[in-house]
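Asks: Supplied in structure tokens, the structure appears directly below.
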């Protein structure tokens, strides 16, 4: 009896040891996969989001092209890349021209920075700007010597910001390529999503998959789509009015639009135009800026309200949190991920029970 008991204990110990080793192996494999994919996690998530968002457009294009799915996927990918690359090229051209002009002026020994007359008349600030303008145009070595500490302290930040923007563009390009691959192989992707959601949510897997897809599309169209439309309209105004550095203004406005504060970029541009342009041109530009700044109030209820009831506060927190955690690309990813998480949390809570009547508990009457 004792021998049999010892054998049973040894067998259970061997089984427990085997289970423990398997769990350790699985954990090690999971951690290794996470470490390997961590540098590409933002790109993968961005590619999946972009693919889900553009899939309806891809499907319409494929039907219009007679079922040529691969060609439709390639065209969608090229269009998305053009939307990203063209503004980047314009911005790079603007910056290159500015750097070239500045380099020539530095070699000549003076830097000519035109200042609007109205800006030079502003109390407190105007006098200092006029003094700086005079110093740069007449005695550049003295200006560099006086402001060298400030210049040296700002150069690393400028270089870091430029490198960050370049890295973000590369990440978005890779994400777009990944999105194109996903929509081209959409049947495989859909089957994988079906299996994944069925494994996680069981019988409600299909409902959860549809909920996630509709939320991703609505938030992407309502936040990113509206921001892109506003940026295109604002860029047209910047170009027509002759705003210096229009490409840089466009990038700043795109970031501000995603953060829901596009007016903070439009307002300084309006002030600048009133300072340097004619009254007629400035008034026309002001009207255009008002239209661009307020058009999101019309577009967001239409695009954001399709398939999702995510509060704007959740979207805004996702944008800010994503921007802090993952820079520019995080604004898009953060808004979508937090919105999807909110929708899943609401579903997990269950249906809302309306409170129609309040039951009053009667206390026993004491004599």
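The values are calculated or read from the model by the stated rules, or taken from the named source; none is laboratory data. Since the structure is predicted, the reported quantities are computational estimates derived from the model, not experimental observations. Here Cβ is always computed from backbone atoms with ideal geometry, including for glycine, and neighbour counts include all displayed protein chains.
Asks: Looking at 180, 222, which one is assigned by TED's automatic domain parsing to the domain that holds residue 342 and in a helix (DSSP H, G or I)?
Replies: The conditions single out 222.
Asks: Identify the single condition in (1) modelled with pLDDT of 70 or more; (2) in a helix (DSSP H, G or I) that residue 67 does not satisfy, given that it satisfies every other one.
Replies: (2)
Asks: Now for a different question. Might you check whether a residue that is under 27 Å from the mean Cα position of the chain (by Cα) and modelled with pLDDT under 80 occurs anywhere in segment 312-322?
Replies: Keep residues of segment 312-322 that are under 27 Å from the mean Cα position of the chain (by Cα), which gives 312-322.
When the remaining residues are screened for being modelled with pLDDT under 80, the result is 312.
For segment 312-322, residues under 27 Å from the mean Cα position of the chain (by Cα) and modelled with pLDDT under 80: present.
Asks: Before we move on, is residue 290 under 23 Å from residue 242 (Cα atoms), buried (at least 16 other Cβ atoms within 10 Å of the Cβ) and without any contact (Cβ under 8 Å) to a residue 24 or more places away in the chain?
Replies: For residue 290, the condition - under 23 Å from residue 242 (Cα atoms), buried (at least 16 other Cβ atoms within 10 Å of the Cβ) and without any contact (Cβ under 8 Å) to a residue 24 or more places away in the chain - is not met.
Asks: Scan segment 208-246 residue by residue and report those that are touching a residue at least 12 places away in the same chain (Cβ under 8 Å) and under 20 Å from residue 190 (Cα atoms).
Replies: Across segment 208-246, the qualifying residues are 208, 209, 211, 212, 213, 214, 215, 216, 217, 218, 220.
Asks: Tell me whether segment 195-207 contains one or more residues that are closer than 30 Å to residue 169 by Cα and not assigned by TED's automatic domain parsing to the domain that holds residue 83.
Replies: Checked segment 195-207: no residue is closer than 30 Å to residue 169 by Cα and not assigned by TED's automatic domain parsing to the domain that holds residue 83.
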